[in-house]
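Novice: This is the structure I want to talk about, given as structure tokens.
The values are calculated or read from the model by the stated rules, or taken from the named source; none is laboratory data. Worth saying up front: this structure is predicted, and the values here are computed from it rather than measured. Don't worry about glycine lacking a Cβ; one is built from the backbone with ideal geometry, like all the others, and counts go over all protein chains shown.
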Amino acid sequence: MKLNNLLIVACLSMATLSTISCKKSNSKTTKDMLQGAWKLTQFGFDANNNNKIDASETMAETDGSITFNSDYTGSVTFLGTTDIFSYAINGRIITANFTTDTADMLITDITDKSLTLKGEVDSSWTIWSK
């Protein structure tokens, strides 16, 4: 009888442990956090190349939006012009393939509500919010 009780307790313990260890992780991937529509909140150029957004480098233009879809396509609207693109993510780099151009952008900060991108070629940076 003791052996049966011990086996039952062991089986219940293993079932509990396997249930706990199979919980889905709450951490989101970069792709998960990127998905959706973002509104431009700040824009500028890192004129002094210090990798910081200085007050003197901000521009007044904030009329823009960008959307990242789950199928690795998206659209960006800036100054009244909309472009469609496909994109790939490699670590913290987003490569956007437009019809006539390709742009690499470094993700310097990302949360569920905020996204900061720095252009790899022109030292531009953009801050977006959801």
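Novice: Step by step: first the residues of the range 35-61, then only those that are surrounded by 14 or more Cβ atoms within 10 Å (Cβ to Cβ) and of a type in the set (Ser, Thr, Tyr), then the one that is modelled with the lowest pLDDT. Which residue is that?
Specialist: Residue satisfying both the conditions and the ranking: Thr58.
Novice: Being polar (S, T, N, Q), touching a strand residue (DSSP E or B) at 6+ places or on another chain (Cβ under 8 Å) and free of Cβ contacts under 8 Å to residues at least 40 places away in the same chain: is that true of Thr67 here?
Specialist: So Thr67 fits the description; yes.
Condition check ((1) β-branched (Val, Ile, Thr); (2) under 28 Å from Asp54 (Cα atoms)) across all residues:
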residue	(1), (2)
Leu79	no, yes
Tyr87	no, no
Arg92	no, yes
Thr95	yes, yes
Thr100	yes, no
Leu106	no, yes
Leu117	no, yes
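Novice: Look at the range 97-117 and say how many of its residues are within 13 Å of the chain's Cα centre (by Cα) and either β-branched (Val, Ile, Thr) or not in a loop (DSSP other than H, G, I, E, B) (or both).
Specialist: Residues in the range 97-117 being within 13 Å of the chain's Cα centre (by Cα) and either β-branched (Val, Ile, Thr) or not in a loop (DSSP other than H, G, I, E, B) (or both): 11 in total.
Novice: I want to confirm something. Restricting to the range 77-95 and keeping residues that are of a type in the set (Gly, Ala, Ser) and either within 16 Å of Leu115 (Cα to Cα) or at pLDDT 95 or above (or both), which single residue is surrounded by the most Cβ atoms within 10 Å (Cβ to Cβ)?
Specialist: Ser86
Each row is one residue, and each column tells you yes or no for (1) without any contact (Cβ under 8 Å) to a residue 40 or more places away in the chain; (2) closer than 15 Å to Ser129 by Cβ; (3) not in a strand (DSSP E or B).
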site	(1), (2), (3)
Ser27	yes, no, yes
Asp32	yes, no, yes
Gln42	no, yes, no
Asn49	no, no, yes
Ser56	yes, no, yes
Thr62	yes, yes, yes
Asp71	yes, no, yes
Phe85	yes, no, no
Thr95	yes, no, no
